[in-house]
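**Q** Sharing a structure with you now.
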Amino acid sequence: MTTISTARPRPVRPARRAPSGRSSARIVVGVLLTLYALVSVYPFLWMVSAAFKDQVEVVRGGHLIPDHPTLQTLVDTWNELHFFDFFVNSVLVTLYTVVLTVVFYAAAGYAFAVLRFPGRGALQKLFVALLFVPGVTVMLPIVLLENKMGILGTHWGLVLPFVNGGAPLSILLMTGAFSAVPTELRDSARVDGAGELRIFTQVYLPLARPALITVALLTAIPTWNEYLLTRVSLNDPSKYTLPLGLQVLSSENVPHYNNLMAGALIVVVPVVLLFLSLQKYFVNGLVGAVKG
């Protein structure tokens, strides 16, 4: 008589797979990226370190961590080398440029995304094509035009070209953001008796806040760091911006590298803080513009 076994068969464990070549490739890529990050961040760390050293310690070299850290270098650079004046000039030029860029190109983006007018498509393609035109190619015409207008050597001689140069990318981002707004909202506002200006300011602009912040950020950072047009346009030291202030420090007969690095730190810190505080809106603005 045969008996039937009721014992359950043991599950067969799958054999362990050997590490694949893909995992090894990821490890290699990770190591290379880490090394690249270290090499890239070292000059920045050296700049920060030198800003808290005296001239003797900077020239002597040594470790990144200062032996005798001091704030006197930053204080001297800020007060005695007129960096406060340079800082104020940079703030004014950047502020005027950002405000005008956001106002003008938000309206232009709304027109391209919502309104219908002759030549709309061709004009929009023209602005996109201007993205591929190097700014240095129009440097001479800008200087000659500003000389005839009487604004060469003034801050407005910087603001107006900066606003004009930001047109292609700003219009592209704002058009994409406004195109993503449902048309039903505009139709509902029309039914309620809202005019075009009210629809633009009370319906579309609040919904496009990430794109507005993105445009403001992409305008502020290049304007704050601009050197070439500033160097060509400005001759009066009282109107110098921070990049020109750094040039003044570096052109001394005996450059003080600790003051130079302190000046560079003053230039960099506001931009870094601005980006970190608006990073969330910056990413959302780019994503919304791409979807639009």
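The values are calculated or read from the model by the stated rules, or taken from the named source; none is laboratory data. Fair warning: this is a prediction, and the values are worked out from it, not measured in the lab. Positions of Cβ are backbone-derived with ideal geometry, glycine not excepted, and every protein chain shown enters the neighbour counts. Areas reflect the complete protein model, heavy atoms only, side chains present, ligands, DNA and RNA absent. Shrake-Rupley method; radii C 1.70, N 1.55, O 1.52, S 1.80 Å.
**Q** Once each part is reduced to its C-alpha centroid, what is the distance from the range 41-80 to the range 173-194 in angstrom?
**A** The two parts, judged by their Cα centres, are 53 Å apart.
**Q** With a 1.4 Å probe and every protein chain kept in, tell me what percent of the accessible surface of the range 20-86 is carbon plus sulfur.
**A** Using a 1.4 Å probe with all protein chains present, the range 20-86 comes out at 70 percent carbon and sulfur.
**Q** Can you give the longest stretch of the chain with no exposed loop site, where a site means GluC sites (Glu not before Pro) in a DSSP loop (not H, G, I, E or B) with at most 11 other C-beta atoms within 10 Å?
**A** With GluC sites (Glu not before Pro) excluded where exposed in loops, the chain gives 81-251 as its longest stretch.
**Q** Please compute the Kirkwood hydrodynamic radius of the range 20-64 from all pairs of different C-alpha atoms, in Å with one decimal.
**A** Kirkwood radius, the range 20-64: 12.7 Å.
**Q** If you don't mind, another one. Which semi-axis lengths, in whole Å and largest first, follow from the square roots of five times the eigenvalues of the Cα gyration tensor of the chain?
**A** Semi-axes from the Cα gyration tensor: 46, 39, 17 Å.
**Q** If the convex hull of the alpha-carbon atoms of the range 54-147 is projected onto planes in all directions, what is the mean projected area in square nanometres?
**A** Spelled out: convex hull of the Cα atoms, projected over all directions, averaged, 11.7 nm².
**Q** Now a separate question. Can you tell me the Rg and Dmax of the range 45-97, counting just the alpha carbons, in angstroms?
**A** Values for the range 45-97 (Cα only, Rg and Dmax): 14.3, 43 Å.
**Q** Using only the Cα atoms of the range 140-233, what are the Rg and Dmax in Å?
**A** 18.0, 53
**Q** While we're here: With n ≥ 4 as the cut-off for DSSP H runs, can you work out [θ] at 222 nm for the chain, using -39500 (n - 2.57) per run divided by the number of residues, rounded to the nearest 500?
**A** Helices in the chain give a 222 nm mean residue ellipticity of -22000 deg cm²/dmol.
**Q** When the accessible area of the range 90-177 is computed with all protein chains present and a 1.4 Å probe, what percentage of it is carbon and sulfur?
**A** Heavy-atom surface of the range 90-177 belonging to carbon and sulfur, 1.4 Å probe: 76 percent.
**Q** While we're here: Using a 1.4 angstrom probe and counting only protein chains, how large is the accessible area of Ile221 in Å², to 10?
**A** Accessible area of Ile221: about 50 Å².
**Q** For the chain, what does the accessible surface come to per residue with a 1.4 Å probe? Please give it in Å².
**A** Roughly 64 Å² per residue, with all protein chains present.
**Q** Peptides 236-247, 121-132: what's the order by average Cβ count within 10 Å, highest mean first?
**A** 236-247, 121-132
**Q** Can you tell which of Thr154, Leu207, Thr70 lies farthest toward the positive end of the dipole of the chain, using +1 and -1 charges on the Cβ of basic and acidic side chains (Lys, Arg; Asp, Glu)?
**A** So the residue furthest toward the plus end is Leu207.
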